[in-house]
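A short write-up of the structure that comes next.
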Amino acid sequence: MMEEDAGRNFKDLDAREAQEALAEELSNQESDANPVTDETEETEAEEIEAAAEAEEETAPEVEWSEEDLAEQKRMVEALLFAAAEPLDEKSIADRLPAGAPIAALIEALETDYEGRGVVLKKAEKKWRFVTAVDVAHVLDKEKTTQRKLSRAALETLAIIAYHQPCTRADIEDVRGVQVAKGSLDQLLEIGWVKMRGKRRDVPGRPTLYGTTEDFLEHFGLESVTDLPGLADLKAAGLLDARLPPGFSVPTPADGDDEDIEEDEDSGEFAQDFLGEGEDEAADA
């Protein structure tokens, strides 16, 4: 009887439950007959991998003639020259005949380029041609770039030239707007303005600014006293014919005022602008 073979009592089960129980019994019997474990599968995978490695080790090496090796070295050279980025050995091997001695070819090519204008270098397991260090200087190119000063910087420069030595507060008083830090920085960077010490008779000893010899040389002036006066500016059309009453052009001073305290510590300059941003809207 089926109930006796399965080893279970099906008398108290209805037809559906008996069918499910029978199917479970048959599945268990099949699993017992063919046990498969993860350990068995892992062992089989290791055996397959070991067999593949053994086959690779026992495979006979391809013997290349000198002509073949020379041609393959030319292929490697062409690949490295044309590549947009450094190449690893696998990328090179994919383009060469199967079994080509990539490492030996690269080593031979590296030797060929020793002492030349370009050399073969390895970085991050990738190869590329680079310029030799001792001749890299011939590739340097000097280019003069014209830099246009902003209107705010030009106005600041003019005020410093005619009112020097003057402080940042003096510049703001003449312009009527706050001086942007970038305007003075630009003038200091190009060398037309320098710090000329600090004013003694004002609390906080603010930094004084004045023009430099580079400024005079650029504008063709012997000294700041040669800057154009009121009549010259009118004749050049730079001033409106209807000037406000009392308008005058100051005469710049070439020497230092007696109230100036010389101080070479440029670290004070950073504090001069501490906590103040550039007011581009005001300078526009």
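The values are calculated or read from the model by the stated rules, or taken from the named source; none is laboratory data. Since the structure is predicted, the reported quantities are computational estimates derived from the model, not experimental observations. Cβ: placed from backbone, ideal geometry, glycine included. Neighbour counts: every protein chain shown. Ligands, DNA and RNA are excluded from the accessible area calculation, which covers all protein heavy atoms including side chains. Shrake-Rupley method; radii C 1.70, N 1.55, O 1.52, S 1.80 Å.
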Quick one: what pairs do we get from segment 70-89, first residue among the charged types (D, E, K, R), second open to solvent by less than 70 Å² (accessible area, probe 1.4 Å), C-beta under 6 Å, 6+ apart or different chains? 73/105; 73/108; 73/109; 77/109; 89/102
Kindly indicate whether any position in segment 152-170 is surrounded by fewer than 10 Cβ atoms within 10 Å (Cβ to Cβ) and not in a helix (DSSP H, G or I). no
Go through (1) closer than 28 Å to residue 196 by Cβ; (2) in contact with a Ser or Thr (Cβ under 9 Å, 6 or more places away or on another chain); (3) not in a loop (DSSP other than H, G, I, E, B) for residue 149 and report which single condition fails. (3)
Looking across segment 197-234 at residues that are among the charged types (D, E, K, R) and closer than 17 Å to residue 158 by Cβ, the single one that is surrounded by the most Cβ atoms within 10 Å (Cβ to Cβ) is 234
Would you check if residue 107 is among the charged types (D, E, K, R), loosely packed, with under 11 Cβ neighbours inside 10 Å and without any contact (Cβ under 8 Å) to a residue 24 or more places away in the chain? no
